[in-house]
Amino acid sequence: MTLANHGRVLGALFDKSTGCTSLEPRLRVPQQSSAQDVAEFLIKQYWGAYVAILHEPGDGAAAIFVDPSGFLPVYRYEGRDHIILTTDPALFSLHPSYTDIGAHLLRPELRQASTCLIDVDEIPPGSISPLRPTRAAPLRLWKAADHFPVSVPHFEDAAAALREISRGVMKSWSGVFGQTVVAASGGVDSSLICAALSEADATFDCVTVGTADRSGDERPYARAVAEKLGVQCLFRTFDPTRFDPDGSASGNMPRPARRAFLKTLDQALESAREENRAAVVMDGNFGDNLFCLLHSAAPVADHVRAEGLKAGSFATLLDMCRVTDCSIATMVAATVGRLRNREGGDPWPPDIRLLNPDLVPVDPKPLAVWPQCGSGRRSGSHDHLRLLMHAQNHVHGVTGGLRRFSPLASQPLVEFCLSVPTWLWATGGRNRAVARAAYSDILPPAIVARTSKAGPDSYIRGAFVAHRSRIRGRLLDGLLAAHDLLDVPALEVALRVDESKDDFLIDRVFDLLEAENWARLWHERGGISTA
């Protein structure tokens, strides 16, 4: 897709006002606009999953702009006399960086600018980077703080706006993908996707993946959504015996950022996609974070700062007591503390469990530095941004090898949800209240009222037990141990843990297993490394 004399756009691009994919009819960029001007024009007028290769007027110097969603990540390798940019890290035949693997394992939920491949970093979404033989710092153009609340809408108006925006987003994506399967759990996030697709007259069906026992079986909820919307709902089962302890769920990604057991989920969803002859499986990843699932006093403090000690602020305090299941006294104390302190604790505390105690935590370098945007006291909006950062590693874009997509991370939804005051999300004492209300008239009441759901815990425990000896061999005799990343004595104890008593430790073992399997995969591609 051309930008007249300014460059080209690769990927999917939608007009913010119409949802149309045609660019040229509304292009009104002056002839001598700089690459930055063009990128800022794209941010304001368009959204999607795209990369723009832009030219400066006059000298023709090139720059690359990555759209704010992160759906089309761009990775950069700089050699002595060349630069390689790609959206597909599998094109690199490079060694794993064990220094960066260690940094990742210390903060596995933080997407950092560096990858876990030697000399490969990621260009931050929403930034423009000059294509020069020296590694120049990207200039961040999309700023999250630009979308912080400037007014307080009525709750009903916010819900109506979310409905309209989500319907438009799903209509645009369904126009790109066509036949779709939604990974439905019967929870708020995936149900909102289903409702929005239905209102957009998109063609879709549902699939739910559950455990063999009742603890992680979401069929009644997923079927209720499907029946209400008049679509089919397939069912697949998590089978611990099918878990592959040697396989990497992160595959061609440049970081071991996915959980090891997700490969089984991938296979189940792919089976449903093939059965339905669908182009893609849409998931609700990013939803909890997008819809501001905070468990703190931040919304109360935000409301007090905005309106003072009025009835509305007290109502928010009661709402957050119900959301967090804590006493009024506890919430009052937390709110007072929040109002007094400009900053909280370390937002990314290192997780040193099962890692070599001599591993020195370094200051993290987030891919997105959104919470540092803006000024003044740290608001609940900054906490909302950290929630979004926590979800970045779990968003499925249009690359990566899987036919999966996480539409809730679309730019119009992110910008709108950031503009909603944090306390509105807790209205009535229910988390994600605005999202619940958006489609409350067409979703089953039990879905709208649901505040928690089951997970695949029994499957994870079963996979751990079924493959414990294999996991032990992979980790104790593997690359992470050989590069002194692991606390081997502590790991040996963890591998003997009673699977019925310590899910968190088992989760950590699976983090390490994924990193090990990912490192072996890239080790074989890139050869022996001592990095």
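The values are calculated or read from the model by the stated rules, or taken from the named source; none is laboratory data. Just so it is clear, the structure is predicted and the values come from calculations on it, not from any experiment. All Cβ positions, glycine included, derive from the backbone under ideal geometry; neighbour counts span all protein chains shown.
Looking at region 318-371 only, could you name the residues that are closer than 19 Å to ALA301 by Cα and charged (D, E, K, R)?
From region 318-371, those closer than 19 Å to ALA301 by Cα are 318-345, 347, 371; that's our starting set.
Answer for region 318-371, where residues must be closer than 19 Å to ALA301 by Cα and charged (D, E, K, R): ASP319, ARG322, ASP325, ARG338, ARG340, ARG342, GLU343.
Of all residues in region 474-519, how many are more than 23 Å from THR264 (Cα to Cα) and of a type in the set (S, T, N, Q)?
0
Can you find even one residue in region 289-301 that is modelled with pLDDT of 95 or more, within 22 Å of THR399 (Cβ to Cβ) and outside any loop (DSSP other than H, G, I, E, B)?
Yes, some residue in region 289-301 is modelled with pLDDT of 95 or more, within 22 Å of THR399 (Cβ to Cβ) and outside any loop (DSSP other than H, G, I, E, B).
Say whether the condition of being part of a helix (DSSP H, G or I), modelled with pLDDT of 90 or more and charged (D, E, K, R) is met by at least one residue in region 357-372. Spell out the reasoning first.
Step one: filter region 357-372 for residues part of a helix (DSSP H, G or I), giving 370-372.
Next cut, modelled with pLDDT of 90 or more only: none.
No; the residues of region 357-372 include none that is part of a helix (DSSP H, G or I), modelled with pLDDT of 90 or more and charged (D, E, K, R).
So in region 442-498, with the set limited to residues that are over 27 Å from the mean Cα position of the chain (by Cα) and of a type in the set (Asp, Glu), which one is farthest from ARG430 (Cα to Cα)?
The extreme case among them is ASP477.
All but one of (1) within 25 Å of SER313 (Cβ to Cβ); (2) surrounded by fewer than 19 Cβ atoms within 10 Å (Cβ to Cβ) hold for ARG436; which doesn't?
(2)
For region 114-146, which residues satisfy the criterion of being assigned to a loop (DSSP other than H, G, I, E, B), farther than 22 Å from LEU418 by Cα and under 19 Å from the mean Cα position of the chain (by Cα)? Step through it out loud before you land on a result.
Of the residues in region 114-146, the ones assigned to a loop (DSSP other than H, G, I, E, B) are 115-116, 118-119, 123-126, 131-138, 141-143.
Applying the additional criterion that residues be farther than 22 Å from LEU418 by Cα yields 115-116, 118-119, 123, 131-138.
Those that are assigned to a loop (DSSP other than H, G, I, E, B), farther than 22 Å from LEU418 by Cα and under 19 Å from the mean Cα position of the chain (by Cα): THR115, CYS116, ILE123.
Being part of a helix (DSSP H, G or I) and either out of contact with any Gly (no Cβ under 8 Å at 6 or more places or on another chain) or modelled with pLDDT of 85 or more (or both) is the requirement here; does VAL332 meet it? Outline the logic, then answer.
On the way: part of a helix (DSSP H, G or I): yes; either out of contact with any Gly (no Cβ under 8 Å at 6 or more places or on another chain) or modelled with pLDDT of 85 or more (or both): yes.
Answer is yes for this residue.
Restricting to region 179-204, count the residues that are at positive phi and modelled with pLDDT under 95.
Result for region 179-204: 1.
Kindly indicate whether any position in region 393-410 is in contact (Cβ under 8 Å) with a residue 40 or more places away in the chain, in contact with a Leu (Cβ under 9 Å, 6 or more places away or on another chain), in a loop (DSSP other than H, G, I, E, B) and closer than 22 Å to VAL434 by Cα.
Here is the first cut: in region 393-410, the residues in contact (Cβ under 8 Å) with a residue 40 or more places away in the chain are 393-410.
Narrowing the set further to residues that are in contact with a Leu (Cβ under 9 Å, 6 or more places away or on another chain) leaves 393, 395-399, 402-404, 407-409.
Still in the list and also in a loop (DSSP other than H, G, I, E, B): 395-399, 402-403.
Right, trim to closer than 22 Å to VAL434 by Cα and you get 395.
Checked against the condition, which is being in contact (Cβ under 8 Å) with a residue 40 or more places away in the chain, in contact with a Leu (Cβ under 9 Å, 6 or more places away or on another chain), in a loop (DSSP other than H, G, I, E, B) and closer than 22 Å to VAL434 by Cα, region 393-410 yields at least one hit.
Condition check ((1) aromatic (Phe, Trp, Tyr); (2) at pLDDT below 90; (3) over 23 Å from ASP363 (Cβ atoms)) across all residues:
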position: LEU85; (1), (2), (3): no, no, yes
position: LEU94; (1), (2), (3): no, yes, yes
position: THR115; (1), (2), (3): no, no, no
position: SER127; (1), (2), (3): no, no, no
position: ALA136; (1), (2), (3): no, yes, no
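Do any strands (runs of 3 or more DSSP E) entirely within region 1-69 hold 2 or more residues that are at pLDDT below 80 and in the same structural domain as SER127 (by TED's automatic domain parsing), and if so, which?
Working: elements: 7-15, 46-55, 62-66.
Filter on region 1-69 gives an empty set.
Which pairs do you get when a residue that is under 16 Å from ARG340 (Cβ atoms), found in region 295-307, comes within reach of a residue that is crowded, with 24+ Cβ neighbours inside 10 Å and of a type in the set (Gly, Ala, Ser), reach meaning Cβ atoms under 6 angstrom, with the pair 6+ apart or on two chains?
Within 6 Å, the pairs are ALA298/GLY380; ASP302/GLY380.
Looking at (1) assigned to a helix (DSSP H, G or I); (2) without any contact (Cβ under 8 Å) to a residue 24 or more places away in the chain, which one does ARG461 not meet, given that it meets all the others?
(2)
Based on this model, can you work out whether VAL304 counts as among the β-branched types (Val, Ile, Thr) and in contact with a Ser or Thr (Cβ under 8 Å, 6 or more places away or on another chain)? Please lay out each step first, then the result.
Details: among the β-branched types (Val, Ile, Thr): yes; in contact with a Ser or Thr (Cβ under 8 Å, 6 or more places away or on another chain): yes.
The answer is yes for VAL304.
Output the residues belonging to region 296-334 that are of a type in the set (A, V, I, L, M, F, W, C), surrounded by fewer than 18 Cβ atoms within 10 Å (Cβ to Cβ) and closer than 24 Å to ARG450 by Cβ.
ALA315, LEU318, CYS326
Take region 405-417 and flag every residue that is closer than 24 Å to ARG107 by Cβ, of a type outside the set (Ser, Thr, Tyr) and touching an Asp or Glu at 6+ places or on another chain (Cβ under 8 Å).
If the condition is that a residue be closer than 24 Å to ARG107 by Cβ, of a type outside the set (Ser, Thr, Tyr) and touching an Asp or Glu at 6+ places or on another chain (Cβ under 8 Å), then LEU408 is the only one that fits.
State the number of residues belonging to region 374-392 that are in a loop (DSSP other than H, G, I, E, B) and at pLDDT 90 or above. Step through it out loud before you land on a result.
Residues of region 374-392 that are in a loop (DSSP other than H, G, I, E, B), as a first pass: 374-379.
The next check asks that each one be at pLDDT 90 or above; those that pass are none.
Adding up the residues that qualify gives 0.
Would you mention how many residues in region 473-487 are in a helix (DSSP H, G or I) and crowded, with 17+ Cβ neighbours inside 10 Å?
Step one: list which residues in region 473-487 are in a helix (DSSP H, G or I), which gives 473-476, 479-482.
Applying the additional criterion that residues be crowded, with 17+ Cβ neighbours inside 10 Å yields 474-475, 479-481.
Residues meeting the conditions: 5.
Enumerate the helices (runs of 4 or more DSSP H) found wholly within region 151-252, keeping only those where 1 or more residues are polar (S, T, N, Q).
Numbers: elements: 155-177, 188-199, 219-229.
So the answer is 155-177, 188-199.
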